[in-house]
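The values are calculated or read from the model by the stated rules, or taken from the named source; none is laboratory data. Note that the coordinates shown come from a computational prediction; the quantities given were computed from them, not determined experimentally. FYI the Cβ positions are ideal-geometry reconstructions off the backbone, even for glycines, and counts take in every protein chain you see. Note: areas computed on protein heavy atoms with side chains; ligands, DNA, RNA excluded. Shrake-Rupley method; radii C 1.70, N 1.55, O 1.52, S 1.80 Å.
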Amino acid sequence: MITTAKPVIGKEEKDAVLKVLDSGMLAQGSKVKEFESEFASYIGSKHAIATSNGTTALHAALLAHDIKQDDEVITTPFTFIATANSIKMAGAKPVFVDIDETFNINPDLIEEKITSKTKAILVVHLYGRPANLTKIQEIANKHNLIIIEDCAQAVGAEYRKKKVGSENTGCFSFYATKNMTTGEGGMVTTNNKEVEEKIRKIIEHGSKEKYSHEFLGYNYRITDIAAAIGIEQLKKLKDFNCARRTNAFYLNQKLKQTKLILPNITEGHVFHQYIIRTDKREELMNKLLEKDILSAIHYPLPIHKQHAYKEHNHETFPVAERLSEEVLSLPVHPSLSLEDLDKIAEALE
Ligand SMILES: *Cc1c(COP(=O)(O)O)cnc(C)c1O
């Protein structure tokens, strides 16, 4: 069976985990600190704070930027639910803006949604493809808005030669299917010392000093077991992302004679997903399955149409709605062999 995702875990990760288990320091030990400093230097940000997962990274980042009740945060309806949920978790209101053909938020539609309550833009680099940060930054500067980047699918992705999450507060996920994994895990990157200090408190029940609690916080910490895996995964990330791009190039080459709309291989794209567009999605998924190839839909229902977002159900975002009916994710992960890729291409042809 060829799956859509497959974590690559080697001897290095296994040895690192055993060392942590033998050390007796399973949490709040030296591995978390080491993972954070390695990650900050990889991304090119001043600080990095590890969290229990990508959702808690987003929630903590929004709180640290003082996003609260009655604030509005602009984001995309075409993303994993956690993006918008984190805004609601902070007590604020998500304000959706349609996407364009890049699958990311359409910068030209942002300004008309800005009100006196707008505090931030939560940008998502969907599928590992960087959003247009230049345009978004211009809008943010003009209206004095904070930018927070949801980099959950884009660890190592670059926009104009800089890693996403290096210029603004960035939130990452190390869930099992992401480009690097710790099982569950997350990270916030920031260049702002105050934000860093606040996040450290938020993820520790609102405390800096043990048992002295300044405000309501949470337990959003990562374990040393997960951090030890993360340190090893980070060393391999460059190769993982390189393999994903190579696989995407290969599939594009193999599929160029078909009627499928193939992904653009833009600079800095790390292909968390390889997305084709088709009006024969069901048929293709079944054909692939017959050949033991799994495919997936990211995402079949935009967030504004979800039951959990009833108050947004009347809104319409034509591009997000159309693309949600056409997108199909094919396997692109680093463990695929040339044989696997040929098999996928042949099945589609
Ligand atoms: C995976 C993901 C998240 C959440 O990360 P978890 O670690 O699963 O909590 C947030 N946003 C996007 C776009 C994601 O793909």
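Brief remarks follow.
- Area accessible to solvent at residue 108, 1.4 Å probe radius, in Å²: 110 Å²
- Each listed q (0.07, 0.14, 0.15 Å⁻¹) maps to a log10 I(q)/I(0) for the chain, found by the Debye formula over equal Cα scatterers with no solvent: -0.29, -1.16, -1.30.
- Comparing 137, 230, 52 along the charge dipole axis of the chain, the residue lying farthest to the positive side is 230, per the Cβ-charge model.
- Residue-level accessible surface for residue 198, protein heavy atoms, 1.4 Å, Å²: 70 Å²
- These residues, 299, 309, 250, go from largest to smallest accessible area, 1.4 Å probe, as 250, 299, 309.
- Spin-label pair residue 308/residue 216, simplified geometry with 7 Å Cα→Cβ offset, distance in nm: 1.9 nm
- Helices in the chain, meaning DSSP H runs of at least 4 residues, each add -39500 (n - 2.57). Divided by all residues, the mean residue ellipticity at 222 nm is -12000 deg cm²/dmol.
- Mean separation of Cα contacts under 8 Å (6+ apart) over length of the stretch 165-219, as relative contact order %: 24 percent
- Stokes-Einstein D in µm²/s, Kirkwood radius over Cα pairs - the stretch 1-110 at 20 °C with 1.002 mPa s viscosity: 124 µm²/s
- In percent, rounded to a whole number, the relative contact order of the chain is 23, using alpha-carbon pairs under 8 Å and six or more apart.
- Heavy-atom SASA rank of 160, 245 (probe 1.4 Å, accessible area, largest first): 160, 245
- For the chain, the solvent-accessible area of protein heavy atoms averages 46 Å² per residue (probe radius 1.4 Å; ligands and nucleic acids excluded).
- Whole-number percent relative contact order across the stretch 59-173, with pairs defined as alpha carbons under 8 Å at least 6 apart: 23 percent
- Put simply, the C-alpha atoms of the stretch 103-202 give a gyration tensor, and the ellipsoid matching it has half-axes of 23, 17, 12 Å, longest first.
- Cα-based Kirkwood hydrodynamic radius, the stretch 196-349, one decimal, Å: 19.0 Å
- For residue 2, the residues whose modelled amide H falls within less than 5 Å of its own, excluding neighbours fewer than 5 places apart on the same chain, are 293, 294.
- Heavy atoms of residue 4: accessible area, 1.4 Å probe, square angstrom to 10: 40 Å²
- Counting lysine pairs in the stretch 1-68 whose alpha carbons fall under 19 angstrom apart, excluding pairs fewer than 8 residues apart on the same chain, gives 8.
- Calculated P(r) tail over 26 Å for the stretch 38-159, as whole % of Cα pairs: 13 percent
- Seen from a random direction on average, the alpha-carbon convex hull of the stretch 165-209 projects onto 3.7 square nanometres.
- Relative to one another, the C-alpha centroids of the stretch 122-165 and the stretch 200-247 are positioned 20 Å apart.
- Carbon plus sulfur fraction of accessible area for the chain, probe 1.4 Å, in percent: 51 percent
- Each principal axis of the Cα atoms in the stretch 258-349 has its own extent, and those three values, largest first, are 48, 33, 24 angstrom.
- Sequence of 220, 211 from largest to smallest accessible area, 1.4 Å probe: 211, 220
- Phi-derived couplings, Karplus 6.51 cos²θ - 1.76 cosθ + 1.60 at θ = phi - 60°, listed residue by residue for the stretch 318-332: x, 6, 4, 5, 5, 5, 5, 8, 10, 6, 9, 8, 9, x, 9 Hz, with x used for Gly and Pro.
- In the elastic network of the chain, a GNM with C-alpha springs shorter than 10 Å, the most mobile of 265, 148, 121 is 265.
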